[in-house]
Amino acid sequence: MDLLVNGKQVRVNADPDSSLLFALRDELNLTGAKYGCGEGQCGACTVLINGAAMRSCVTPLRTTAGKQITTIEGLARDGKLHPMQEAFIEADAMQCGYCTGGMILSAVSMLRKDPAPSEARIRQGLEGNICRCGTYPRIVAAVRMASRNLQGGRA
Ligand code: FES
Ligand code: FES
């Protein structure tokens with residue numbers, strides 16, 4: 001089937017009932033989306049589908065036809081990192097990095113709906129994303145930084 005991934009039309013041969021995550025990783029070599037729980041519970045596999053954060057491990061491929069899929073590899077524009085990526089680097093909001101792509105995409109999706117979330121709202125918005133390294137305080141700081149930067153027009 002044909003998919004629209006990171007702005008490009010691509011073809012995958014996987015079973016349409018299989019998960020989007022495996023098509024991204026195994027066929028398209030987009031390994032930024034990680035396999036964590038495989039049950040929609042940890043957020044490591046998060047991608048954007050039409051701008052909304054979705055768990056690709058529990059998203060059947062067939063439901064994604066014609067939709068815009070964005071992985072962490074496709075978030076930068078014209079060689080420039082997204083302000084959320086820059087903020088994660090500046091705030092040092094990662095340790096092993098396994099959760100980081102999913103955290104960033106979930107945070108991008110959250111700021112689209114709520115550009116200036118409170119700290120409580122950020123914590124609530126990211127509670128479905130698990131960080132086993134416990135970098136939550138720095139992740140929250142990064143999202144607040146990105147929110148401020150985006151509000152200030154740096155995006
Ligand atoms: S691997 Fe998809 S939510 Fe955990
Ligand atoms: S940085 Fe290791 S799981 Fe989050």
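The values are calculated or read from the model by the stated rules, or taken from the named source; none is laboratory data. Predicted, not measured: the structure shown is a model, and the values here were computed from it. Because the Cβ atoms are built from the backbone with ideal geometry, glycine has one as well, and the counts that use them run over all protein chains shown.
If you go through segment 102-146 one residue at a time, how many are within 16 Å of ligand 1 (Cβ to nearest atom) and small (Gly, Ala, Ser)? Of the residues in that region, 6 qualify. As for segment 4-16, it holds no residue that is within 16 Å of ligand 2 (Cβ to nearest atom), surrounded by 16 or more Cβ atoms within 10 Å (Cβ to Cβ) and either in a loop (DSSP other than H, G, I, E, B) or at pLDDT below 95 (or both). Only residues that are more than 14 Å from the chain's Cα centre (by Cα), in a helix (DSSP H, G or I) and surrounded by fewer than 20 Cβ atoms within 10 Å (Cβ to Cβ) were counted across segment 62-85, and they come to 2.
Checking each residue in segment 37-53 for being part of a strand (DSSP E or B) and either within 7 Å of ligand 1 (Cβ to nearest atom) or in contact (Cβ under 8 Å) with a residue 40 or more places away in the chain (or both) picks out Thr46, Val47, Leu48, Ala52, Ala53.
Only a single item in (1) away from ligand 2 (no atom under 14 Å from the Cβ); (2) of a type outside the set (S, T, N, Q); (3) not in a loop (DSSP other than H, G, I, E, B) is not met by Gly101, and it is number (1). Scanning segment 120-155 for residues that are over 22 Å from Gln41 (Cα atoms), more than 16 Å from ligand 2 (Cβ to nearest atom) and part of a helix (DSSP H, G or I) yields Arg144, Met145, Ala146, Ser147, Arg148, Asn149, Leu150, Gln151.
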